[in-house]
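K.L.:
I'd like to ask you about the structure that follows.
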Amino acid sequence: MLDIKFIKENPGQVKEAARKKHIDFDVDHLLAVYEKRKKLIQSIENLSKVKNQANKEIQNAKDDEQRKLVIAQMRELDRNSDAEEKEFKEIDNEYQRLMLLVPNIPDESVPEGKCDADNTEIRKWGKIPDFKFEVKNHVQIAKDLDLIDFERGSKVAGFRGYFLKNEAMLICMAIWNYATEVFVKKGFVPMAAPSLVNEEALIGTGYLPQAKDEVYCTHDGMYLVGTSEVPVMGYHSNEILKEEDLPLKYMGFSPCFRTEIGSYGKDTQGVFRVHEFTKIEQVVLCRNDKEESIRLHEELTKNAEEILQGLELPYHVVVNCAGDLGLGQVKKYDIECWVPSQNKYRETHSSSYFFDFQTRRLNIRYKTKDNETEFAYSLNNTGIATPRVLMPFLENHQQANGSVKIPKALRKYLNFKEIKPKRQ
RNA sequence: GGAGAGGUGCCUGAGCGGUUUAAAGGGAUGGUUUCGAAAACCAUUGUGGGGAAACUCACCGAGAGUUCGAAUCUCUCCCUCUCCUCCA
């Protein structure tokens, strides 16, 4: 959510943001609704003032005669105010609805573009492996080594269902342990967060109302989160934090659920795009300082890169074009890992900052040293998502003999150095 | 799931139809005092909207209702606590 004062003073910037993000939003309509709402509020408040004064008169009335007279006048006033209040409710609903749909302004450095194809690479790490044998994709590797059972997965969980088995499951747990250790060392507070949440948490983070199709909801009006960013951001909702406690850095760990509506036919094989997965997420609240946001954004991105380097996975970082930004995002980097079978990089991480877009919705503020109350700024980035990372993991570490080698960083969490073919 | 008790300002907690522009205590901030501190005393101390300002409106879990008037009465919902039941 943006500040209505900002929208009023800078309608051009908001219009430009909508254009750049390829979002259809009528700024002039919002401002018209806002002005109408304001006039109604003023009118209703004037009436309240008159009524408040009349109430004092009733209290101070010397006799019943006078009291009855004022009461009669009040009844008349009430009759007129009912219609106005009804009109206000309608206008206010419309105003609240529209305010949730105003896009945040992308940073000047965000390139033009419509979709992920227009994202631009800013750096690369790691050597793309040069295999001297026929490369297998991760689905084949998983099948050959009995690591993931997709057939039985779909039997139980439907399309995109899967069971992680044997070393695949152990590796996922090792990756969680490894990543957790990295984040705790960096001062992040590790947190197992709820994945079943109420509507407020999803509105607050900017996933609802506009992306309703992508979220699972339950029969009792709860929702399954697509990322622990949602519960972890909700953690401090309606709170006033202390400036000296900022930045607050959390490592959220939770199952994640995504309907993947709108991605029919994409990545139908394997563990890249599934309905249910597990993710470690970095979530940060900081002061309302643009420079600090930018600095922390780079830091969160580097943290994720460090983990990929530990996993010895070649990757590159792209800056997302404006059309590939979410409603609230100011700027986003995706980190994409090299996938040998596809001969391209695929997204494993997404690092973004929001300024106060989320914290306004969630009402997360802090007291400055001068005792001013300000909205905090928020950021988040993936830490590591499993089993998605198994796709580049299994493929990049595959060996000519069909085994998969385990990178050193994970060895202390596992009692094997490679995944060997199982004897029949 | 069943029964009961509650949700009030930064915290504890009073108020149960008009004197509440929310008592009292604690905390915090400033001041007096002091070589300095503690203690004591004095003062200040919520949020949001409108307005240049004076000022004004709203907010006592959320929403609706009764009333000239609601923190206070009624209804619905949400949440917390205690006990029981069940349970990984």
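K.L.:
Answer yes or no as to whether residue A:37 is among the basic types (Lys, Arg) and under 25 Å from the mean Cα position of the chain (by Cα).
P.N.:
So residue A:37 fails the test.
So that you can scan it fast, the table gives a plain yes or no per residue for (1) modelled with pLDDT under 90; (2) polar (S, T, N, Q); (3) closer than 30 Å to residue A:394 by Cα; (4) more than 13 Å from the chain's Cα centre (by Cα):
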residue: A:173; (1), (2), (3), (4): no, no, yes, yes
residue: A:185; (1), (2), (3), (4): no, no, yes, yes
residue: A:190; (1), (2), (3), (4): no, no, yes, yes
residue: A:219; (1), (2), (3), (4): yes, no, no, yes
residue: A:223; (1), (2), (3), (4): no, no, no, yes
residue: A:231; (1), (2), (3), (4): no, no, no, no
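K.L.:
Restricting to the stretch A:244-259, and then to whatever is charged (D, E, K, R) and surrounded by 17 or more Cβ atoms within 10 Å (Cβ to Cβ), can you tell me which residue is nearest to the chain's Cα centre (by Cα)?
P.N.:
Here the residue is A:258.
K.L.:
Could you please find all residues in the stretch A:41-77 being touching a residue at least 24 places away in the same chain (Cβ under 8 Å) and either over 41 Å from the mean Cα position of the chain (by Cα) or away from RNA strand B (no atom under 11 Å from the Cβ) (or both)?
P.N.:
Across the stretch A:41-77, the qualifying residues are A:47, A:50, A:51, A:77.
K.L.:
Can residue A:360 be described as within 11 Å of RNA strand B (Cβ to nearest atom) and either in the same structural domain as residue A:200 (by TED's automatic domain parsing) or out of contact with any Leu (no Cβ under 8 Å at 6 or more places or on another chain) (or both)?
P.N.:
yes
K.L.:
What residue, among those in the stretch A:79-102 that are touching a helix residue (DSSP H, G or I) at 6+ places or on another chain (Cβ under 8 Å) and more than 17 Å from residue A:34 (Cα to Cα), is nearest to RNA strand B (Cβ to nearest atom)?
P.N.:
Among those that are touching a helix residue (DSSP H, G or I) at 6+ places or on another chain (Cβ under 8 Å) and more than 17 Å from residue A:34 (Cα to Cα), it is A:81.
K.L.:
Given A:347, A:312, A:374, A:306, which one is surrounded by fewer than 24 Cβ atoms within 10 Å (Cβ to Cβ) and assigned to a helix (DSSP H, G or I)?
P.N.:
On inspection, the qualifying residue turns out to be A:306.
K.L.:
Over 30 Å from residue A:402 (Cα atoms) and either crowded, with 19+ Cβ neighbours inside 10 Å or not hydrophobic (A, V, I, L, M, F, W, C) (or both): does that describe residue A:158?
P.N.:
Taking the combined requirement at face value, the residue does not satisfy it.
The values are calculated or read from the model by the stated rules, or taken from the named source; none is laboratory data. Just so it is clear, the structure is predicted and the values come from calculations on it, not from any experiment. Cβ: placed from backbone, ideal geometry, glycine included. Neighbour counts: every protein chain shown.
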